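Just below is one structure, and these are the notes that go with it.
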Amino acid sequence: MTDDVVSGSNGRIRFPGISPRAYEHPVDRGALATLRTIPGFAEVLKAVAGFFSERGERLMALASSIRVGEKQYPELNKLRLECAQALDISPAPNIFVAQDPAVTAYTIGMDEPFIVLSTGLVELLDTNGLRFVIGHEMGHVLSGHAVYRTMLIRLINMQMSMSWTPVSAFGLRAVIAALKEWYRKSELSCDRAGLLCGQDPAAALRVHVLLAGGIDPGRIDIPSFLQQAEEYESVDDIRDSLLKLRNVEHMSHPLAVVRAAQLQKWAASEEYRAILVGDYPRRDADSPSSTWSDDVKSAAKSYKDSFSNSTDPLAKVFTDVGEALSGAAGKVWSKFGGGGRANGDADAS
């Protein structure tokens with residue numbers, strides 16, 4: 001363990017100065033890197049959206065929900081502070097508990113992001129599960145997802161006025177599909193942030209079991225549960241592949257069982273273990289303009305690897321295309337954005 005990694009009062013590791021790049025999914029990171037290079041766009045939209053919608057949402061939360069603090073939900077306040085300390089977020093975002101039987105949590109706001117937990121979620125999860133969920137939402141705060149989600153939503157709304165033409169309608173559907181794809185990847189990113197806060201893969205898995213329909217995790221056989229994800233990924237009929245694409249096209253969150261398997265795979269990775277011993281990128285070293293090409297290449301490689309390792313017949317159809325795109329991207333970024341690196345280095349990354 002390096003000197004930079006410290007243990008909190010709860011015995012869990014804290015990550016001073018950790019960059020969101022440490023846990024962001026490659027495709028999520030590639031999309032964010034592109035958006036971050038747009039000069040001034042984030043700041044303008046951030047100011048406009050914050051003045052109108054964010055102020056109203058914060059006032060609504062104050063008037064209709066319970067704000068977590070030392071005297072209100074003190075157990076949740078303790079988790080709030082622990083997770084903020086783990087990811088080095090200051091000040092710690094506010095948390096509100098809203099009356100809602102649905103099991104849900106979300107983060108809104110740009111200038112002062114805040115987290116909303118439903119009563120259904122709070123009643124369902126134990127302390128470790130709540131720590132994972134709150135850490136997940138803290139990941140959204142640290143990654144700046146609210147800003148960029150709003151940017152994309154505003155862009156889509158601008159195109160709505162053109163959607164009456166056939167060409168624009170198809171274009172709008174493509175933009176929405178891309179937006180949903182990024183939403184799903186951002187959720188995978190923040191599951192990783194939640195794991196870094198709790199550092200308990202079993203607790204995270206229990207949350208996913210409950211989200212997937214488990215009434216009592218103790219009655220669920222974990223190997224069988226994870227086997228479902230393998231079966232889903234290994235369909236051998238192209239008709240099933242097309243149905244899978246259709247099923248997720250309009251979803252903003254990953255499928256619960258597949259999501260669980262993705263996080264458990266990351267929990268067993270060298271990347272996760274390296275972060276725990278202090279080997280992670282720092283915010284003070286981040287430079288979006290210089291890392292943009294690497295992030296885009298990483299996103300392309302993630303898709304290529306996903307296709308290559310899948311037994312899904314439709315994925316196999318796109319394997320060669322993915323390899324070609326990944327290689328071409330490496331050559332392009334090496335020539336124009338890689339600071340003179342050799343093509344071989346770019347292709348291998």
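Please give the number of the condition VAL277 fails out of (1) crowded, with 18+ Cβ neighbours inside 10 Å; (2) modelled with pLDDT of 90 or more.
Of the numbered conditions (1) crowded, with 18+ Cβ neighbours inside 10 Å; (2) modelled with pLDDT of 90 or more, the odd one out for VAL277 is (1).
How many of the residues in region 85-115 are aliphatic (A, V, I, L, M), over 19 Å from ARG184 (Cα atoms) and touching a strand residue (DSSP E or B) at 6+ places or on another chain (Cβ under 7 Å)? Before the answer, list the steps.
Taking region 85-115 as the starting set, the residues that turn out to be aliphatic (A, V, I, L, M) are 86-87, 89, 92, 95, 97-98, 102-103, 105, 108, 110, 115.
Narrowing the set further to residues that are over 19 Å from ARG184 (Cα atoms) leaves 86-87, 89, 92, 95, 97-98, 102, 110.
This time we only want the ones that are touching a strand residue (DSSP E or B) at 6+ places or on another chain (Cβ under 7 Å), so: 86-87, 95, 97-98, 102.
Qualifying residue count, region 85-115: 6.
Exactly one of (1) at pLDDT below 90; (2) over 22 Å from GLY30 (Cα atoms); (3) open to solvent by less than 30 Å² (accessible area, probe 1.4 Å) is unmet by ALA315. Its number?
Here ALA315 meets the rest and fails (2).
Of the residues PRO223, PRO201, PRO288, only one is at pLDDT 95 or above and surrounded by fewer than 17 Cβ atoms within 10 Å (Cβ to Cβ); which? Walk me through how you get there before you give the answer.
On the way: PRO223 fails: at pLDDT 95 or above; PRO288 fails: at pLDDT 95 or above.
None of the others qualify; the one that does is PRO201.
Would a scan of region 45-55 turn up a residue that is in contact with a strand residue (DSSP E or B) (Cβ under 8 Å, 6 or more places away or on another chain), assigned to a helix (DSSP H, G or I), within 18 Å of ILE115 (Cα to Cα) and at pLDDT below 90? Don't jump to the end; show me each part of the working.
Here is the first cut: in region 45-55, the residues in contact with a strand residue (DSSP E or B) (Cβ under 8 Å, 6 or more places away or on another chain) are 54.
Checking the rest, the ones that are also assigned to a helix (DSSP H, G or I) come to 54.
Imposing the further condition that a residue be within 18 Å of ILE115 (Cα to Cα) reduces the set to 54.
Remaining after also requiring at pLDDT below 90: 54.
Within region 45-55, one or more residues are in contact with a strand residue (DSSP E or B) (Cβ under 8 Å, 6 or more places away or on another chain), assigned to a helix (DSSP H, G or I), within 18 Å of ILE115 (Cα to Cα) and at pLDDT below 90.
Condition (residue is assigned to a loop (DSSP other than H, G, I, E, B), under 26 Å from ARG283 (Cβ atoms) and modelled with pLDDT of 75 or more) applied to region 25-36: is it met by at least one residue? Full working, then the answer.
Residues of region 25-36 assigned to a loop (DSSP other than H, G, I, E, B): 25.
Within this subset, residues satisfying the condition of being under 26 Å from ARG283 (Cβ atoms) are 25.
If we keep only those that are modelled with pLDDT of 75 or more too, we end up with 25.
Within region 25-36, one or more residues are assigned to a loop (DSSP other than H, G, I, E, B), under 26 Å from ARG283 (Cβ atoms) and modelled with pLDDT of 75 or more.
To keep it simple, each residue is scored yes or no on (1) surrounded by fewer than 19 Cβ atoms within 10 Å (Cβ to Cβ); (2) modelled with pLDDT of 60 or more.
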position: TRP182; (1), (2): no, yes
position: LYS185; (1), (2): no, yes
position: SER234; (1), (2): yes, yes
position: ASP240; (1), (2): yes, no
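The values are calculated or read from the model by the stated rules, or taken from the named source; none is laboratory data. Remember, predicted model here, so these are calculated numbers, not experimental data. Cβ sites come from the backbone with ideal geometry, for glycine too, and all protein chains shown count toward neighbours. Only protein heavy atoms, including side chains, enter the accessible area calculation; ligands, DNA and RNA are left aside. Shrake-Rupley method; radii C 1.70, N 1.55, O 1.52, S 1.80 Å.
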